[in-house]
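Notes for the one structure printed next.
Read-outs: derived from the displayed coordinates by stated rules, not from any lab. Everything quoted here is computed from the prediction, not taken from an experiment. We place every Cβ from the backbone using ideal geometry, glycine too, and count neighbours over all the protein chains shown.
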Amino acid sequence: MDCFSLAGKTAVVTGGISGIGRAIALAMAEAGADIVLVDRREPDNNSLADCIGSLGRKTLFVQADVTKEADVSGFIEKAVARFGRVDIMVNSAGVGNRTPIEKLTEAEWDGVMNTNLKGLFWCCQKAGLQMIAQQSGSIVNIASMSGLVVNKTRTNSAYCSSKAGVIMLTKNLAMEWAKHNIRVNAIAPGYIQTPFNCTWDDAMCKLAVETTPMKRLGQPEEIGPLAVFLASQGASFITGQTIVIDGGYTCW
């Protein structure tokens, strides 16, 4: 099972203090990686860093906004200064929208695209520069099933479009950087019970469960092991792929 170990690796995780990002950070720490947590919010407490520390791993928190190129360059530089390299880049920072297309404003469209697609691009580019210098690395982008199918009855066109862009960008990066021994893959989660979805009303929660064949919401901790696999040598011949983890939603 050594091929699934991340011992000696450094992983940078954006959106790392809550939800899917937090679960991935913990899973990678459990697999042996030191963790650089990036978020535009400061953590409410040190519980996540303490959890990572209890696993015998080192951690660094950097407050940054992925929509700002200078911020992204800055946290990659800090990661390298602290740990000497960046082996894994996990792009989990994201925002959503629920505005019908006919009412969608330029500001709303740009807000979603700037974080979910442009911000993710900056993270891939800046981490990729370091990985090219190392001639190795693995990037895991968090896309969504909404980049592959339209969510039933939901008005989230900007979000769906941004995540479809993530899927295609993942393929392009994988193709261009394969020669540098850099693998780039994406995870497309379905309905996951995270703070991102905490404002759902009862009707939306009921619909999410009813339209998922497994008849439940996923948990963030169910995403972590897949991210570890994609980052590990166990996935050494996998690149340019988007793996769906949605309880069967896209089977319909």
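Determine if segment 171-185 includes at least one residue that is assigned to a strand (DSSP E or B), of a type in the set (S, T, N, Q) and crowded, with 23+ Cβ neighbours inside 10 Å.
Within segment 171-185, one or more residues are assigned to a strand (DSSP E or B), of a type in the set (S, T, N, Q) and crowded, with 23+ Cβ neighbours inside 10 Å.
Are any residues in segment 215-248 out of contact with any Phe, Trp or Tyr (no Cβ under 7 Å at 6 or more places or on another chain) and aromatic (Phe, Trp, Tyr), and if so, which ones?
Matches in segment 215-248: Phe237 only.
Search segment 31-54 for residues being free of Cβ contacts under 8 Å to residues at least 40 places away in the same chain and surrounded by 16 or more Cβ atoms within 10 Å (Cβ to Cβ), and hand back the single one that is nearest to Arg85 (Cα to Cα).
Across segment 31-54, the extreme among qualifying residues is Ile35.
Scan segment 16-46 for residues that are part of a loop (DSSP other than H, G, I, E, B) and either polar (S, T, N, Q) or touching a Leu at 6+ places or on another chain (Cβ under 9 Å) (or both) and jot them down.
The answer is Gly16, Ile17, Ser18, Ala31, Gly32, Ala33, Pro43, Asn45, Asn46.
I need a count of the residues in segment 131-170 that are within 12 Å of the chain's Cα centre (by Cα) and either in a loop (DSSP other than H, G, I, E, B) or over 20 Å from Ala235 (Cβ atoms) (or both).
3
Just checking, does segment 95-107 include any residue being of a type in the set (Val, Ile, Thr) and touching a Lys or Arg at 6+ places or on another chain (Cβ under 7 Å)?
no
Go through segment 234-252 and count every residue that is crowded, with 17+ Cβ neighbours inside 10 Å, over 16 Å from the mean Cα position of the chain (by Cα) and not in a loop (DSSP other than H, G, I, E, B).
2
If a residue has to be outside any loop (DSSP other than H, G, I, E, B) and in contact (Cβ under 8 Å) with a residue 60 or more places away in the chain to count, how many in segment 65-87 make the cut?
4
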